[in-house]
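A quick write-up on the structure given underneath.
The values are calculated or read from the model by the stated rules, or taken from the named source; none is laboratory data. Just so it is clear, the model here is predicted, and its values are computed rather than measured. FYI the Cβ positions are ideal-geometry reconstructions off the backbone, even for glycines, and counts take in every protein chain you see. Surface areas here come from the heavy atoms of the whole protein model, side chains and all, with no ligands, DNA or RNA. Shrake-Rupley method; radii C 1.70, N 1.55, O 1.52, S 1.80 Å.
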Amino acid sequence: MSKNISQIIIDEVTGIKFAPIAGGDFMMGSPVAEKERQAVEGPQHNVHVDDFHMACFEVTQEQYLKIMGENPSDLIRENCPADGVSWEDAQEFIKKLNAVNDSRYRLPSEAEWEYACRAHTTTRFFFGDAITIEQVNYGTKISCQNSPVGGHPANGFGLYDMHGNVFEWCEDTWHGNYEGAPADGSAWVDDSTDHKVYRGGAWNASARFVRSAYRYHRPKTFAYYNIGFRLAF
């Protein structure tokens, strides 16, 4: 599959839609003064990201079922993101999808994810420093209330649900801060731990956990009802 950064790309097998993300420089992490900031979000540092494509939506249950032959989601709902997916599950999905259509899909690096989420903004969320349930599916106390993808406004890159709905796995190995992190937008991968990074917050997370800079980790075999993923290439 050729890569044309000027246009939307749609995967022929799954129908996954990819938005073109023009590369550039940005400050990754959160400033010290940001409300509800955590130490793992620093030090804030400049990163250059090359052109790439990011899926407009999280991988849905239908798309996951088509490739994997099963749906691990806690609550089966039409057009909702696949959840209950471990990092290893996401890698297996990618392996099988790439084998079918000879593509080079992957998880985004953590730097690509944050760059794509921010869409040239520097605030807590891509739409500002305050948040409402009309903008993001977050803070829900009712069990399993992930929502259909695309149900909230997109950011400046045309990406939906970068905040909330389900957490999203990144390619990177977890590191407790950004000391020594790559400055070229690549994934920071090593054998220091089997924990992998996820970003973006979820339907049952409070506002602090859905900020653009928020990051956390789990073992690569960990699967939970508020974790999914989206693809990049």
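Looking only at the range 90-113, which residues are over 15 Å from the mean Cα position of the chain (by Cα) and in a helix (DSSP H, G or I)?
92, 93, 95, 96, 97, 98, 99, 100, 101
Across the range 183-202, which residue is nearest to residue 127 (Cα to Cα) among those that are open to solvent by 30 Å² or more (accessible area, probe 1.4 Å), within 18 Å of the chain's Cα centre (by Cα) and not small (Gly, Ala, Ser)?
188
Suppose we filter the range 25-48 for residues that are open to solvent by 80 Å² or more (accessible area, probe 1.4 Å) and charged (D, E, K, R); how many remain?
So the count comes out to 2.
So which residues in the range 1-13 are in a loop (DSSP other than H, G, I, E, B), within 24 Å of residue 146 (Cβ to Cβ) and either open to solvent by 20 Å² or more (accessible area, probe 1.4 Å) or touching a Pro at 6+ places or on another chain (Cβ under 9 Å) (or both), if there are any at all?
Here is the first cut: in the range 1-13, the ones in a loop (DSSP other than H, G, I, E, B) are 1-8, 11-13.
Still in the running and within 24 Å of residue 146 (Cβ to Cβ): 11, 13.
Within the range 1-13, just 13 meets the criteria.
Go through the range 133-160 and count every residue that is hydroxyl-bearing (Ser, Thr, Tyr) and either exposed (fewer than 13 other Cβ atoms within 10 Å of the Cβ) or closer than 18 Å to residue 213 by Cα (or both).
Counting residues in the range 133-160 that are hydroxyl-bearing (Ser, Thr, Tyr) and either exposed (fewer than 13 other Cβ atoms within 10 Å of the Cβ) or closer than 18 Å to residue 213 by Cα (or both) gives 3.
Being more than 20 Å from residue 54 (Cα to Cα) and open to solvent by less than 30 Å² (accessible area, probe 1.4 Å) narrows it down to one of 180, 164, 128, so name that one.
128
I'm checking my understanding of the structure. Among residues of the range 69-89 that are open to solvent by 20 Å² or more (accessible area, probe 1.4 Å) and polar (S, T, N, Q), which one is farthest from the chain's Cα centre (by Cα)? Even if it seems obvious, please write down each step before you answer.
If we filter the range 69-89 for residues that are open to solvent by 20 Å² or more (accessible area, probe 1.4 Å), which is where we start, we get 69-72, 74-79, 87-89.
Narrowing the set further to residues that are polar (S, T, N, Q) leaves 71, 79.
Details: 71: 19, 79: 17 Å.
For the range 69-89, the residue satisfying everything is 71.
Restricting attention to the range 169-191, does a residue exist that is more than 21 Å from residue 23 (Cβ to Cβ), in contact with a helix residue (DSSP H, G or I) (Cβ under 8 Å, 6 or more places away or on another chain) and of a type in the set (A, V, I, L, M)?
No, the range 169-191 contains no residue that is more than 21 Å from residue 23 (Cβ to Cβ), in contact with a helix residue (DSSP H, G or I) (Cβ under 8 Å, 6 or more places away or on another chain) and of a type in the set (A, V, I, L, M).
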